[in-house]
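The values are calculated or read from the model by the stated rules, or taken from the named source; none is laboratory data. Since the model is a prediction, treat every value here as computed from it, not as a measurement. As a convention, Cβ positions derive from the backbone with ideal geometry for all residues, glycine included, and neighbour counts pool all protein chains shown.
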Amino acid sequence: MNLKFKLFLVFLVSILAFGCKDKPHFGDKSLLISENGRYFSTGDGKPFFWLGDTGWLLFSRLNREETNTYLEDRKQKGFNVIQVMVLHDVAAKNIYGDSALVNKHVSKPVLTEQNDYKDSTAYDYWDHIDYVVDKAAEKGLYMALVPVWGTNVKEKKVNEAQAKEYAEFLAKRYRDKWNIIWLNGGDIKGTDGLKVWNAIGETLRANDPNHLITFHPRGRTASSAWFHDAKWNDFDMIQSGHRRYEQDTSAKEKLHYGEDNWRYIESDYKLKPAKPTIDGEPSYEDIPQGLHDVTQPRWNDADVRRYGYWSVFAGAFGYTYGHNSVMQMYKKTDLKPAYGPKDQWITAINAPGAQQMKFLKDLMLSRSYFDRVPDQTMVAGTNGEKYDKVLATRGEEYAMFYIYTGKTFSVQLGKIDGDEVKASWYDPRTGKFTTIGEFENKGVKEFNPPGEPANGNDWVLVLDKV
């Protein structure tokens, strides 16, 4: 056996040994953190842009036929993550009347002996969740599961010992499902039950090492404030909340960013070590501004577009959309709906904002992905404030600028590769490009978006290396 052949055998054995060891647990469907710590990729190295929908009460409010309708609609509209509560409260029941827990005790799930959701006479609350998770998997959708909503912990309905048992039950039941993401918390500050949240996070990680975990925080807060360095926490999440600028006045809140959700992302982006971050709950379409007063104006499709492009261009790895009627799966037969929903969920799934979200995802995946960084220095001169703020992001060979009001702004050229750039307008409402022209890639150039300046006349300027 000659030396070259021996070396080849050593090389081949090394590839087989280490290649098998490093292969992601769920193969190409695995969700992984990118090498630079900023984004998600799938197991085959492709970029994964999180486009989420909040279907919070999916497990409890929809039957199986309705569930299939909802999931298929979200698949067709380009969503790839559904955020859902496993337990809205400890007295949770589903639409079939199945209780989740014995005597509201989270460490005692009600389970049938058959444990088979295909038998309609035997399945239980947890079998129904299995059905939904599997149906989502058939459609290529990931399920971001909140184990227990935050109010239950804040109200002392769940203690640390119970939380550990419950989290172990969840982890063992779903750790072999490829399409799971864990959202610890649930509209809560980390300080409201810190030991419980760490117990859930640590137990999930110990029993399920192959799924990503984060914490869904209270409005106008970021999970990084409590859990950025937690070993169980893979990525950060903010909830920018539902208040407009003048409503964000609470003296109890540390951060007063109003509608500027990009500020939370910008803050997370500066943290070390680098972790992906996302706005997991901005203002929902058709929900009253400030939430509780149903006479207030409502957030519309232009607003949810603004939150999406602002946060992503500030450095987020994706975006979660929400609709007032869909998040609670509202039906006219509901006796006590929250926040004054108007349309039933079956109608609201076709709201304008829901149909436009895919254009954000399409745009971000249309250019090189993992080299993208936020860069506000590309906006020349004095940047605007509030709705007139221009948010900018770039890769090595492209740059993008989002303006919500359609006002003229100036760009500092020369920040990307190439002697010349091709400029285009991208319409966030339709996903269509309109070519502007080609320009020398240096100096400062002014760009005037189509139409007259107005809130909601939003555009993305795209510069590409020629």
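Overview of results
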quantity	calculated
Contacts under 8 angstrom Cβ, first residue in the stretch 174-192 being assigned to a strand (DSSP E or B), partner surrounded by fewer than 21 Cβ atoms within 10 Å (Cβ to Cβ) and among the polar types (S, T, N, Q), 6 or more apart	186/151; 187/151; 188/151
Enumeration of residues in the stretch 40-66 that are under 30 Å from residue 154 (Cα atoms), more than 17 Å from the chain's Cα centre (by Cα) and part of a helix (DSSP H, G or I)	59, 60, 61
Residue that is within 28 Å of residue 281 (Cβ to Cβ), part of a helix (DSSP H, G or I) and not aliphatic (A, V, I, L, M), where the choices are 89, 134, 127	134
One residue from 84, 148, 102, 133 being in the same structural domain as residue 61 (by TED's automatic domain parsing), in contact with a helix residue (DSSP H, G or I) (Cβ under 6 Å, 6 or more places away or on another chain) and not small (Gly, Ala, Ser)	84
Residue in the stretch 193-204 that is within 23 Å of residue 391 (Cβ to Cβ), surrounded by fewer than 23 Cβ atoms within 10 Å (Cβ to Cβ) and of a type in the set (Ser, Thr, Tyr) present	no
Checklist (1) within 20 Å of the chain's Cα centre (by Cα); (2) within 26 Å of residue 256 (Cβ to Cβ) applied to residue 390, failing item	(1)
Inter-residue pairs, beta-carbon under 7 Å, first more than 13 Å from residue 427 (Cα to Cα) and in the stretch 351-371, second in a helix (DSSP H, G or I) and not acidic (Asp, Glu), 6+ apart	353/304; 353/305; 364/312
Within the stretch 374-466, strands (runs of 3 or more DSSP E) holding 3 or more residues that are over 25 Å from residue 302 (Cβ atoms)	420-426, 433-440
Close pairs from the stretch 99-114: first in a loop (DSSP other than H, G, I, E, B), partner of a type in the set (Gly, Ala, Ser), Cβ under 6 Å, at least 6 apart	100/92; 104/91; 110/99; 112/122; 114/122
Test: residue in the stretch 112-130 that is assigned by TED's automatic domain parsing to the domain that holds residue 329, at pLDDT 95 or above and of a type in the set (Lys, Arg)	no
Matching option when the condition is surrounded by 16 or more Cβ atoms within 10 Å (Cβ to Cβ) and in contact with a Ser or Thr (Cβ under 7 Å, 6 or more places away or on another chain), among 395, 381	395
Condition check for residue 106: at pLDDT 95 or above and in contact with a Pro (Cβ under 6 Å, 6 or more places away or on another chain)	no
Hits in the stretch 304-338 - residues which are more than 21 Å from residue 386 (Cα to Cα), surrounded by 20 or more Cβ atoms within 10 Å (Cβ to Cβ) and not β-branched (Val, Ile, Thr)	317, 318, 322, 323, 324, 325, 327, 328, 329, 330
Members of the stretch 153-173 found to be within 16 Å of residue 217 (Cβ to Cβ) and either touching a residue at least 60 places away in the same chain (Cβ under 8 Å) or within 21 Å of the chain's Cα centre (by Cα) (or both), listed by number	none
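For every residue, the table says whether it meets (1) closer than 17 Å to residue 461 by Cα; (2) not assigned by TED's automatic domain parsing to the domain that holds residue 61.
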position: 346; (1), (2): no, no
position: 358; (1), (2): no, no
position: 361; (1), (2): yes, no
position: 384; (1), (2): yes, yes
position: 409; (1), (2): yes, yes
position: 423; (1), (2): yes, yes
